[in-house]
1. Tell me whether segment 54-70 contains one or more residues that are modelled with pLDDT of 80 or more and part of a helix (DSSP H, G or I).
2. With the checklist (1) modelled with pLDDT under 85; (2) in a helix (DSSP H, G or I); (3) not hydroxyl-bearing (Ser, Thr, Tyr) in hand, flag the one item Gln45 doesn't pass.
3. What are the residues in segment 1-35 that are touching a Phe, Trp or Tyr at 6+ places or on another chain (Cβ under 7 Å) and free of Cβ contacts under 8 Å to residues at least 24 places away in the same chain, if any?
4. Is there a residue in segment 6-13 that is of a type in the set (Gly, Ala, Ser) and either outside any helix (DSSP H, G or I) or under 26 Å from Tyr59 (Cβ atoms) (or both)?
5. Looking at segment 24-48, which of its residues are over 24 Å from Met1 (Cβ atoms) and surrounded by 10 or more Cβ atoms within 10 Å (Cβ to Cβ)?
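The values are calculated or read from the model by the stated rules, or taken from the named source; none is laboratory data. Keep in mind that this is a model prediction, so the values were computed, not measured. With ideal geometry, Cβ positions are generated from the backbone for all residues, glycine too; neighbour counts draw on all protein chains shown.
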Amino acid sequence: MKSTKRVEFNTGCAVFAESEAVSRIAEGVSKEDLLAGIHRALAAQLNALAVRLGVEKDYALVGGEPGMQGL
């Protein structure tokens with residue numbers, strides 16, 4: 001919510017996205033802008049999956065990787 005200029009990611013591949021993120025960090029991009037970009041990229045990937053699966057109504061995603069809290 002503190003982002004002023006969201007970072008755009010050019011890939012849907014997690015490995016390449018990690019490389020992009022590392023490059024952006026080296027460029028001095030703020031943590032807030034980087035995270036805003038990551039959230040946007042993840043939401044886009046999940047939406048594309050929902051469309052491919054034929055989800056037609058509103059949906060919510062919950063959960064996460066055990067032990068990832070606070071990262």
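1. no
2. With (1) modelled with pLDDT under 85; (2) in a helix (DSSP H, G or I); (3) not hydroxyl-bearing (Ser, Thr, Tyr) applied to Gln45, the lone miss is (1).
3. Glu20 - this is the single residue of segment 1-35 that is touching a Phe, Trp or Tyr at 6+ places or on another chain (Cβ under 7 Å) and free of Cβ contacts under 8 Å to residues at least 24 places away in the same chain.
4. Yes, because at least one residue in segment 6-13 is of a type in the set (Gly, Ala, Ser) and either outside any helix (DSSP H, G or I) or under 26 Å from Tyr59 (Cβ atoms) (or both).
5. Once the filter is applied, which keeps residues that are over 24 Å from Met1 (Cβ atoms) and surrounded by 10 or more Cβ atoms within 10 Å (Cβ to Cβ), segment 24-48 yields only Ala48.
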